[in-house]
Every structure is written in C-alpha cells, then in structure tokens.
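Read the structure below first, then the notes.
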Amino acid sequence: MSKHIGIVACSYEGASLCYQTICNEGSLYLGEHAHPEISLHNHPLSEYMKFINAGNWQGVAGLMLSSSEKLFKTGADILISPDNTIHQAFSRVIKKSPLPWLHIGQEVAKIAKENNFTKTGILGTMFLMEGPVYPEVLEEMNIKFCVPEAEQRSKINDIIFNELVYGIRKENSRLYFLNVINEFKLKDCDSVILGCTEIPLIILPEFSSLPVLDSTRILARAALKYSIENIV
C-alpha cells in the first residue's frame, strides 16, 4: 500500500490546494479515483500568527509539533506543511518530530535546479521574503535570488493576509503580482517562486512572464512520489 501522508496545515486555503493536488494527481499513478491515505490537522491560523508576529519561532514549532503528534497517532508515515513561512521553525521541529518531513523549500529548490534556473524571484509573506527559508536552500543549490522592494513586500503581505487566506481573489491584486514578476524579469530572473501557498490560486503559469515554481503543488507532488515509490 502507499504511505499515509500527514498534512500539518496552517492556512486552510493553501492546505486545501495541497490536499486536492495529491488527490487529483494520485489517480495518475494508482488508478481511477485512487490516492494515498491522507490525514490533515490544522491549528487555527490565528494561533500561528500570535507567534509569527512576535518572532517567536519556538512557539510556531510547538504548534507544528502538536499537529505532528496528532498525525502520528492517526498512522501517518510522512509529514508535510503547505506553508512556507512556518518553515522558519523547521530546524526546531525536525529534532523532536515523531515522523520524517519533506521541507517545502528544499523541494522547490530541487525543481529549480532540475530546470537549470540560475536566478529566481521570491514571492510570499513579508516574513518569508525577509526570512532565511529560501535563501538557505537556494544557496545550497548555487541559485541566486531576489525579493521585491520594501513597499512591494508590504503590499504583497497585505494581499495575502487580507485577501488570499480568505479565498478572496481580486483582479487588481492579480495584476499587482504580475507586475512584480515583470520586474523580476527585468532584473534577469529566469523564474519566480510562488512562496506563499495561496498565491497559485491567483497567479496561473500561462499569465506569468516567468516560469513559476508553485510551492504548493511541488510539495504535494513530492509527497505523492514519496508515498507511492514503494509500489510503482
């Protein structure tokens, strides 16, 4: 049997897209209407934000580990979190986790390397764009990166937390993201990381001036591959 995937959710929109991707694409490998067993646990985003806003990554790790323990008890074999920002606490989590994890940033960086990308733009929450999650994994792959200007980072952060996490998709917000991506291209970026798991809901690859690295679906596909590698 395929391995049981545990999803440590943070925002429900991003977690839903990750779950749907695993289910939708599972049938490509396992047969009609088939997908791996999946369990999901979600502390409210509000609980995460209390710690994130305070810069308390140990507190974030505590919530992730709480979900990890619950998913372990349900029989999960592997854990993922379709939330880029909280991976800043990953090193604290993996030391105490009862189960192995796939790291969203590492999976994205692998795909970037496989596609021979050499410089990528990073989009996400302000905490993600200004934090170490992607710089660390991209530097390991010798991939350069750039982030939007300070005013743009603030605007992008507002769109994410005031619109996208609630499932609100506005045309002017979509165009704002596309304009930032256009600026990345002018700065010689050859790709863009959609480093917030809700951004793929508003930015489709066919409308982007750069190839997109969709962190949500990349992680979902990595989990699916891990789950079925022992039976296909």
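The values are calculated or read from the model by the stated rules, or taken from the named source; none is laboratory data. For clarity, every value in this text was computed on a predicted model and none was experimentally measured. With ideal geometry, Cβ positions are generated from the backbone for all residues, glycine too; neighbour counts draw on all protein chains shown. Note: accessible area is taken over every heavy atom of the protein model, side chains too, but ligands, DNA and RNA are not part of it. Shrake-Rupley method; radii C 1.70, N 1.55, O 1.52, S 1.80 Å.
Would you check which residues across region 129-151 are touching a residue at least 12 places away in the same chain (Cβ under 8 Å), more than 12 Å from residue 108 (Cβ to Cβ) and touching a strand residue (DSSP E or B) at 6+ places or on another chain (Cβ under 9 Å) and list them? Within region 129-151, 129, 144, 146, 147, 148 meet the criteria.
Okay, residues lined up against (1) of a type in the set (D, E, K, R); (2) within 16 Å of the chain's Cα centre (by Cα); (3) at pLDDT 95 or above:
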| site | (1), (2), (3) |
| --- | --- |
| 2 | no, no, no |
| 6 | no, yes, yes |
| 9 | no, yes, yes |
| 17 | no, yes, yes |
| 23 | no, no, yes |
| 28 | no, no, no |
| 32 | yes, no, no |
| 39 | no, no, yes |
| 44 | no, no, yes |
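Determine, yes or no, whether residue 224 is touching a Gly at 6+ places or on another chain (Cβ under 9 Å) and not in a helix (DSSP H, G or I). Considered against the rule, which asks whether it is touching a Gly at 6+ places or on another chain (Cβ under 9 Å) and not in a helix (DSSP H, G or I), residue 224 comes out as no.
Applying the criterion of at least 3 residues that are surrounded by fewer than 18 Cβ atoms within 10 Å (Cβ to Cβ) to the helices (runs of 4 or more DSSP H) found wholly in region 112-212 leaves 133-140, 150-162, 171-186. Determine whether region 1-17 contains at least one residue that is within 19 Å of residue 161 (Cβ to Cβ), in contact with a His (Cβ under 7 Å, 6 or more places away or on another chain) and either open to solvent by 10 Å² or more (accessible area, probe 1.4 Å) or in contact (Cβ under 8 Å) with a residue 60 or more places away in the chain (or both). Yes, region 1-17 contains at least one residue that is within 19 Å of residue 161 (Cβ to Cβ), in contact with a His (Cβ under 7 Å, 6 or more places away or on another chain) and either open to solvent by 10 Å² or more (accessible area, probe 1.4 Å) or in contact (Cβ under 8 Å) with a residue 60 or more places away in the chain (or both). Within region 86-118, the set of residues being farther than 25 Å from residue 75 by Cβ and more than 11 Å from the chain's Cα centre (by Cα) comprises 88, 91, 109, 110, 111, 112, 113, 114, 115, 116, 117, 118.
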